[in-house]
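A short worksheet on the structure shown next.
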Amino acid sequence: KQEVTQIPAALSVPEGENLVLNCSFTDSAIYNLQWFRQDPGKGLTSLLLIQSSQREQTSGRLNASLDKSSGRSTLYIAASQPGDSATYLCAVGGQGGKLIFGQGTELSVKP
Amino acid sequence: DVKVTQSSRYLVKRTGEKVFLECVQDMDHENMFWYRQDPGLGLRLIYFSYDVKMKEKGDIPEGYSVSREKKERFSLILESASTNQTSMYLCAAVSAGYNEAFFGQGTRLTVV
């Protein structure tokens, strides 16, 4: 059974720092991996989608990598801002679009 | 971008009521999903559908049913609401080819 783990569970950094969020999964037979952002009480916003054949994706200050063989993905946030404060979720995608989620990393960026 | 709209942001219902949560997507995505999110348990899959009139059970279907009469609309039904169904409910639409998931804004349901 696929299990997804995110470390750390919470992270507090000063504004301007570069940071890395980690996601690991136990079964490398995935279709894709997706990173989401969730603000308190809100739905999930898709940040980056990495297909199983890809190694990384970039969008603005965000860069996500995928290493299927080791069961790991990282989300790199450059020059963090207070507006980046949110919970970040990674999810591995199986057949038909079913997602298995990690527990999330709660990020706080202090001004 | 795909837009997924859930009919209510907040709902308060009484134990035993039949509850309908509606989800509509504005793109032609085949696959739709209902998840619930609870502290400490994360997001768990309740039901999903790959086509009109089609439905499949997810990991926690007990106490729920779904309806998909039109491609753009996927409804979650709580047959007889109970307090342990108090949760955040999230609907997602996924394209069959690219497999990127888009979520609605969530419905916070409280059963009293």
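Every residue in region B:64-112 that is among the hydrophobic types (A, V, I, L, M, F, W, C), under 16 Å from B:D51 (Cα atoms), open to solvent by 10 Å² or more (accessible area, probe 1.4 Å) and not in a loop (DSSP other than H, G, I, E, B), please.
B:V66
Among the residues of region A:22-58, which ones are among the β-branched types (V, I, T), outside any loop (DSSP other than H, G, I, E, B) and either more than 11 Å from A:Y88 (Cβ to Cβ) or away from chain B (no Cβ under 12 Å) (or both)?
Going residue by residue through region A:22-58, those that are among the β-branched types (V, I, T) are A:26, A:30, A:45, A:50, A:58.
Right, trim to outside any loop (DSSP other than H, G, I, E, B) and you get A:45, A:50, A:58.
The answer is A:I50, A:T58.
Considering region B:30-83 alone, what residues qualify as being of a type in the set (A, V, I, L, M), over 14 Å from the mean Cα position of the chain (by Cα) and facing chain A (nearest Cβ under 9 Å)?
Start the filter on region B:30-83 by keeping residues that are of a type in the set (A, V, I, L, M), which leaves B:32, B:41, B:43, B:45-46, B:52, B:54, B:60, B:66, B:76-78, B:81.
Next, from what is left, pick out any that are over 14 Å from the mean Cα position of the chain (by Cα): B:41, B:52, B:54, B:81.
Once the filter is applied, which keeps residues that are of a type in the set (A, V, I, L, M), over 14 Å from the mean Cα position of the chain (by Cα) and facing chain A (nearest Cβ under 9 Å), region B:30-83 yields only B:L41.
Pick from B:D51, B:D28, B:D38: which is closer than 30 Å to A:Q54 by Cα, touching a residue at least 40 places away in the same chain (Cβ under 8 Å) and among the charged types (D, E, K, R)?
On the way: B:D51 fails: touching a residue at least 40 places away in the same chain (Cβ under 8 Å); B:D38 fails: closer than 30 Å to A:Q54 by Cα.
When all the criteria are applied, what remains is B:D28.
Using beta carbons and a limit of 7 Å, which pairs, at least six apart or on different chains, have the first residue in region B:93-112 and facing chain A (nearest Cβ under 8 Å) and the second one outside any strand (DSSP E or B) and among the basic types (K, R)?
Within 7 Å, the pairs are B:Q105/A:K42; B:Q105/B:R9; B:G106/A:K42; B:R108/B:R9.
Looking at B:L90, is it under 15 Å from the mean Cα position of the chain (by Cα), at pLDDT 95 or above and under 26 Å from A:Y88 (Cβ atoms)? Reasoning before the result, please.
Details: under 15 Å from the mean Cα position of the chain (by Cα): yes; at pLDDT 95 or above: yes; under 26 Å from A:Y88 (Cβ atoms): yes.
Criteria met by B:L90.
In region A:71-78, is there at least one residue being among the aromatic types (F, W, Y) and in contact (Cβ under 8 Å) with a residue 60 or more places away in the chain? Outline the logic, then answer.
Our first condition is that a residue be among the aromatic types (F, W, Y); within region A:71-78, this holds for A:76.
So of that shortlist, the ones also in contact (Cβ under 8 Å) with a residue 60 or more places away in the chain come out as none.
For region A:71-78, residues among the aromatic types (F, W, Y) and in contact (Cβ under 8 Å) with a residue 60 or more places away in the chain: absent.
Return the residues of region A:83-108 that are open to solvent by less than 10 Å² (accessible area, probe 1.4 Å), touching a Ser or Thr at 6+ places or on another chain (Cβ under 9 Å) and within 25 Å of B:I60 (Cα to Cα); say none if nothing qualifies.
A:Y88, A:L89, A:C90, A:V92, A:G93, A:G97, A:G102, A:G104, A:T105
For region B:35-62, what are the residues that are open to solvent by 50 Å² or more (accessible area, probe 1.4 Å), acidic (D, E) and outside any loop (DSSP other than H, G, I, E, B)?
Answer for region B:35-62, where residues must be open to solvent by 50 Å² or more (accessible area, probe 1.4 Å), acidic (D, E) and outside any loop (DSSP other than H, G, I, E, B): just B:E56.
Does A:K68 fit the bill of being surrounded by 14 or more Cβ atoms within 10 Å (Cβ to Cβ), over 22 Å from B:Y35 (Cα atoms) and out of contact with any strand residue (DSSP E or B) (no Cβ under 7 Å at 6 or more places or on another chain)? Lay out the reasoning, then the answer.
Working: surrounded by 14 or more Cβ atoms within 10 Å (Cβ to Cβ): yes; over 22 Å from B:Y35 (Cα atoms): yes; out of contact with any strand residue (DSSP E or B) (no Cβ under 7 Å at 6 or more places or on another chain): yes.
For A:K68, the condition - surrounded by 14 or more Cβ atoms within 10 Å (Cβ to Cβ), over 22 Å from B:Y35 (Cα atoms) and out of contact with any strand residue (DSSP E or B) (no Cβ under 7 Å at 6 or more places or on another chain) - is met.
Quickly run through region A:1-21 and pick out the residues that are assigned to a strand (DSSP E or B) and open to solvent by less than 40 Å² (accessible area, probe 1.4 Å). Full working, then the answer.
From region A:1-21, those assigned to a strand (DSSP E or B) are A:4-7, A:10-14, A:19-21; that's our starting set.
Of everything in region A:1-21, those that are assigned to a strand (DSSP E or B) and open to solvent by less than 40 Å² (accessible area, probe 1.4 Å) turn out to be A:V4, A:Q6, A:V13, A:L19, A:L21.
The values are calculated or read from the model by the stated rules, or taken from the named source; none is laboratory data. The structure displayed is predicted, hence computed values, not measured ones. All Cβ positions, glycine included, derive from the backbone under ideal geometry; neighbour counts span all protein chains shown. Heavy atoms of the whole protein, side chains included, go into the accessibility calculation; ligands, DNA and RNA do not. Shrake-Rupley method; radii C 1.70, N 1.55, O 1.52, S 1.80 Å.
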